[in-house]
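Read through the structure below, which is laid out as structure tokens, and then see the notes.
The values are calculated or read from the model by the stated rules, or taken from the named source; none is laboratory data. Please read these numbers as outputs of a predicted model, since none were measured by experiment. Neighbour counts are summed over all protein chains in view; Cβ atoms, including those assigned to glycine, are modelled from backbone coordinates with ideal geometry. To get the accessible areas, we keep the full protein, side chains included, count just its heavy atoms, and leave off ligands, DNA and RNA. Shrake-Rupley method; radii C 1.70, N 1.55, O 1.52, S 1.80 Å.
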Amino acid sequence: MARPTVLLCTIALGFGCSGTIDEGQQVAGLSPAQQLALAAWLQLAQPAFVAATCVMCHDPNDPTYDATMAQGAPPYLAGSSEVDQRDSLIATTMPAIVDLDAPRTSMVLTKGLHEGPALDAVSASNILMWITYERSARLGSDLPITAPYTMMDCTAGSAGSATCPLNSIDLTPAGAAGTLTFTETPLTNGEGQEDDIDLEAMTITAGASGLHVVHPWFGTIPAAGSGSGSSGVQLDPLDSFASTDMELAPNATLVLGGETFSNFVHTDPLVVQFDVLTGSD
């Protein structure tokens, strides 16, 4: 009997095409969410672990492994294949390297500078993205996300004027009453292409029940469906508001300020994903 393979051409989910893998029962009968998690590991997280030297310092199967530098750290990336490495990483519990219940607090992301270097922003974002997909695939707990919103451009003037309208996203469909407002200005790169946006005057206002807001993660849905996050979303690789955790009183406002998002096209619908979005009463 032929061994099962998975075709990793999840273009609609933003990972591109990387051929097939042959891992027997490890990839047999995967659900779409499980295939997305696997693709995120192979194309985002695993390369980030290698680029960030985690493999060199912590994997005793790697020829460059430095036992003295690693100080006896657990071999959480051990395995004869990339899929085995993923399974070892998730199974490591003493200490737990990955926290599927709270991806953002996973030790791999909070370790910082130790015997080895801290993760850079891009590597940390890619690993967090993978853990988020694994959470959905293994726990079936999708994170709250707003409905796609088509932005109105600011071309001149002050926020709220006819030429610089305030965009307003209803947070209710994502889980709790509230609104996210902002202005959006398309930016042109050096090649004359509008592929960045500047969001200013960003605020989140709670409804009558208050609001608990944790980790708003901004993304867009590219027109061709080539986003890089869950549900076809291309998430902000810098994860600009990862540290946000706020309890808002009824009708209170949280000021997020302004932020420039690279590789976001202003005509693509905007979405915002949260770790937590609930009423605070």
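The residue list Asp281, Asp239 contains one member that is surrounded by 15 or more Cβ atoms within 10 Å (Cβ to Cβ), acidic (Asp, Glu) and either modelled with pLDDT under 90 or part of a loop (DSSP other than H, G, I, E, B) (or both), which is Asp239. In this entry, Ser125 passes the filter for residues that are polar (S, T, N, Q) and under 15 Å from Ala37 (Cα atoms).
For the stretch 129-150, taking the residues that are modelled with pLDDT under 85 and assigned to a helix (DSSP H, G or I), the one that is surrounded by the most Cβ atoms within 10 Å (Cβ to Cβ) is identified as Tyr133.
Contact map, the stretch 123-138: first residue of a type in the set (Phe, Trp, Tyr), second residue open to solvent by 10 Å² or more (accessible area, probe 1.4 Å), Cβ cut-off under 6 Å, separation 6 or more or different chains; pairs are Trp130/Leu44; Tyr133/Leu36.
Assess whether Gly232 counts as being modelled with pLDDT under 85, among the small types (Gly, Ala, Ser), within 26 Å of Val122 (Cα to Cα) and open to solvent by less than 10 Å² (accessible area, probe 1.4 Å).
Yes.
Restricting the stretch 266-281 to residues that are over 18 Å from the mean Cα position of the chain (by Cα) and of a type in the set (Val, Ile, Thr), the residue that is nearest to Asp170 (Cα to Cα) is Thr278.
A search for C-beta distances below 6 Å between a residue of the stretch 100-111 that is under 15 Å from His215 (Cα atoms) and assigned to a loop (DSSP other than H, G, I, E, B) and any residue that is modelled with pLDDT of 85 or more and not aromatic (Phe, Trp, Tyr), counting only pairs 6+ apart in sequence or on different chains, returns Ser106/Val98; Ser106/Asp99; Ser106/Ile131. Taking the stretch 64-89 as the range and being touching a helix residue (DSSP H, G or I) at 6+ places or on another chain (Cβ under 9 Å) and at pLDDT 75 or above as the test, the residues that pass are Ser81, Glu82, Val83, Asp84, Gln85, Arg86, Asp87, Leu89.
Can you pull out the residues in the stretch 90-99 that are part of a loop (DSSP other than H, G, I, E, B), modelled with pLDDT under 85 and among the aliphatic types (A, V, I, L, M)? Steps first, please.
Taking the stretch 90-99 as the starting set, the residues that turn out to be part of a loop (DSSP other than H, G, I, E, B) are 92, 94-95, 97-99.
This time we only want the ones that are modelled with pLDDT under 85, so: 92, 94-95, 97.
Residues satisfying the conditions are Met94, Ile97.
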